[in-house]
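Take a look at the structure set out below.
Values quoted throughout were computed directly from the atomic coordinates according to the rules given, and no laboratory measurement underlies them. Quick caveat: nothing in here was measured; it's all calculated off a predicted structure. Glycine gets a Cβ as well: all are built from the backbone with ideal geometry, and neighbour counts include every protein chain shown.
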Amino acid sequence: MSSLRERAVVWKEKARLHGKEEDHEDATTWSNRDLIPLPPHRRTWGWFHFFGYWCISSLNVTNWQTPNTFLTFGLSVAQSMLVIIVGRALICFFAILIAWCGLRWHIGFTVQNRFTWGFRGSYIALLQRILLNFIWCSVQCWNGGRLVAVCITAIWPSFASMKNTLPASMPTTTYEFVGFIVFWFLSTPFLFIRPEKFKLPFQVSAIYCGVGMICMLIWSLSQSGGVGPLWSQGKTIPDGSAWNSSWLIMKGINQMIGGIAAGITNGSDFSRYSKNARHYCTGTILSAWLVGVLVSLVGLVVTSACQVLYGEIFWNPPDLLMRMMDSGHGSSKARAGVFFLSVGFALAGMFENICGNSVAGGIDLAGMWPTYIDIRRGSFITFLAVWVVQPWQLINRATTFVAVLDSFAVFLCPIMGVMVCDFYILRRKRIKLTHLYETKNSSYWFWNGLNWRVIPAWIAGWAPTVGGLAYTVQEKTDAPRSLYKLYYMAFLVGFFVSLTLFYILNKLFPYHGYGDYDETDVYATFTPKEAAIMGVIPNEGHTEVIDGIDESPPPTEKRRPLEMVTKFF
């Protein structure tokens, strides 16, 4: 019995993470190498990293099909594109707003929540994110598998007509399941890449998929002789509809922001890797807004042109690609072109899944168990969870569940509201880093590790809109009209209600520590220039060269107090 205990102790010690204690990388209950404020030498992302990061979330099947969603509402093509342009602009604004804490203090969403929710309270936000990461990773693997199946069909046409050997209890076919397995295994090796080294995958996937979409656009227009009838579609809202264009546009904008709310919420997880704020803002605006709008436009044009060629509308790229090569029975030239295009879509989906779901899930899991889980281990756990979630059940059978998943932003938007209120309004963008990693005498411990003020504020944000969500996913139309209106504005309602109530509660029940910050750079987080700007005493002997510029301040330069600092945002 004692030998079993000894073996358990040995294995426990082997499983424990280790790091350089002098660099604050040692794994503890609340910290490890991937959770500490990032030092300058690990902040390697330039503008193209963020351009690529947002590109892979723009150059994908979902964004390609976005206009179809709004056209089915009854909106015209012009109104649908208006929704996309405005929605993408708001996505950029909130992405920068939420990510600024990571740009300034170089900490991620996992740690950022501790000064708002409390150490233990932060688990509430983390568990929501972990659940979403597990499910979205599974869904993305399944969608990527469909594209891989198209690639295999382009090489071996008989693959599309292979016999289904799966039992009737599985709502899928061998054709789809093999594509899913291949996609999952091809993705797995990339989990070994740390976020600091993501530049090459971003470059390859963004350029490859971007070129593929342009080729698809040119081919469809040349073959059809112009844009098809879908392009000129006007409003199709029935005369007796309960909703006019304005409300449907509002619904569309809310749905656009909600669809990417999970990625906005944990923006600090990736913004902390930025060399400076300019890089993050430039890459985000160019890609999340400009490229995002262009991809939706290209998807609309290609779908409209292909309507002329095939006599029906194909919004889903895998279906369109199969039709382009006649399910594998087309010419070798057609199959070669389809192979090239499907690889591009699959690459974008692969790296979006790895970065946006697996790595993000790894960071969140690291926040739950810092002693044993880092980003890499957490990423593998997220990827293994795909087999537990069983996406073939979700995609092919549980359509209501997927609709609920798309609407989960109802619960995330209030989280963003309290984050913005706490960081910008209450703390005025100042936090005490040392209090985020030690519970003893920490002003962020609150009451038993929970800031009770955030709970009623968060609930108040989603309570008015959850009723409309429930009726909408059940496709019921007999609920009170006000419930649907609140749901169509769920993002704005949740964000501002939670922000306002959290502010009021903090004013009625204040606590000590607002605006406190460490006067010394304990974690060697800042370059000497950054420390001078923020009024922080730099870490001894800490000198960094970033972008070829020596960041050491002039010997005679005086440090300005934090109150005199130029505003970061």
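What does the charge count near Phe270 come to, summing +1 for each Lys or Arg and -1 for each Asp or Glu among other residues with Cβ under 14 Å from its Cβ? Could the numbers behind the result be given before it?
Numbers: positive: Arg42, Arg43, Arg129, Arg194, Lys197, Lys199, Arg272, Lys275; negative: Asp34, Glu196, Asp269, Glu352, Asp364.
Charge balance in the 14 Å sphere: +3.
Between His18 and Thr72, the simple spin-label model (points 7 angstrom out along Cα→Cβ) gives 5.4 nm. Compared with the alpha-carbon gap, the fully stretched path from Met250 to Tyr471 is longer by 77.8 nm at 0.36 nm per residue. Rounded to the nearest 0.05, the FRET efficiency derived from the C-beta distance between Lys235 and Ile214 at R0 = 25 Å is 0.25. Rounded to the nearest 20, the Cβ-based charge dipole of the range 223-336 about its Cα centre (Lys and Arg +1, Asp and Glu -1) stands at 420 debye.
Each of the peptides 343-353, 235-245, 495-505 was scored by the mean count of other Cβ atoms within 10 Å over its residues; in descending order, highest first, they stand as 343-353, 495-505, 235-245.
Each pair of Cα atoms in the chain enters the Kirkwood radius, and Stokes-Einstein at 10 °C and 1.306 mPa s then converts it into a translational diffusion coefficient of 63 µm²/s. Counting beta carbons within 10 Å around each of Tyr273, Tyr514 and listing the fewest first gives the order Tyr514, Tyr273. The simple spin-label model puts a point 7 Å past each Cα toward its Cβ; for Arg5 and Met170 those points are separated by 4.6 nm.
Among all helices in the chain defined by DSSP H, which have a length of 24 Å or more along the axis from Cα atoms plus a Kyte-Doolittle mean of at least -1.0? Walk me through the intermediate numbers first.
Values: long enough: 77-105 (43 Å, 1.87); 122-155 (49 Å, 1.19); 199-224 (37 Å, 1.08); 292-310 (27 Å, 1.94); 332-353 (31 Å, 0.82); 454-473 (28 Å, 1.19); 490-508 (27 Å, 1.81).
Membrane-span-like by this rule: 77-105, 122-155, 199-224, 292-310, 332-353, 454-473, 490-508.
The label point for Phe93 and the one for His512, both projected 7 Å from the Cα toward the Cβ, are 3.9 nm apart.
Length gained on full extension, Ser443 to Lys485, computed as 0.36 nm times the residue gap minus the Cα-Cα distance: 11.1 nm.
Considering Cα pairs under 8 angstrom that are at least six residues apart, work out the relative contact order of the chain and quote it in whole percent. Intermediate values should be presented prior to the final figure.
Working: 925 pairs, mean separation 143.5, N = 569.
Once divided by the residue count of the chain, the mean separation gives 25 percent.
Estimated from the Cβ-Cβ distance and a Förster radius of 25 angstrom, the FRET efficiency linking Lys197 and Thr520 is about 0.20.
Say the cut-off is 23 Å between C-alpha atoms; which of Lys14/Lys275; Lys251/Lys476; Lys440/Lys507; Lys20/Lys429; Lys235/Lys485 go over it? Those over the limit are Lys14/Lys275; Lys440/Lys507; Lys20/Lys429.
When both the range 83-125 and the range 2-55 are represented by their alpha-carbon centers, they are found 21 Å apart.
The fewest-to-most ranking of Glu13, Glu530 by surrounding Cβ atoms within 10 Å reads Glu13, Glu530.
The relative contact order of the range 250-358, computed from alpha carbon pairs under 8 Å that lie at least 6 residues apart in sequence, is 12 percent.
Per residue, the convex hull spanned by the Cα atoms of the range 4-119 measures out at 206 cubic angstrom.
How do Arg430, Arg146 rank when sorted from fewest to most other Cβ atoms within 10 Å of their own Cβ?
With the fewest neighbours first, Arg430, Arg146 line up as Arg430, Arg146.
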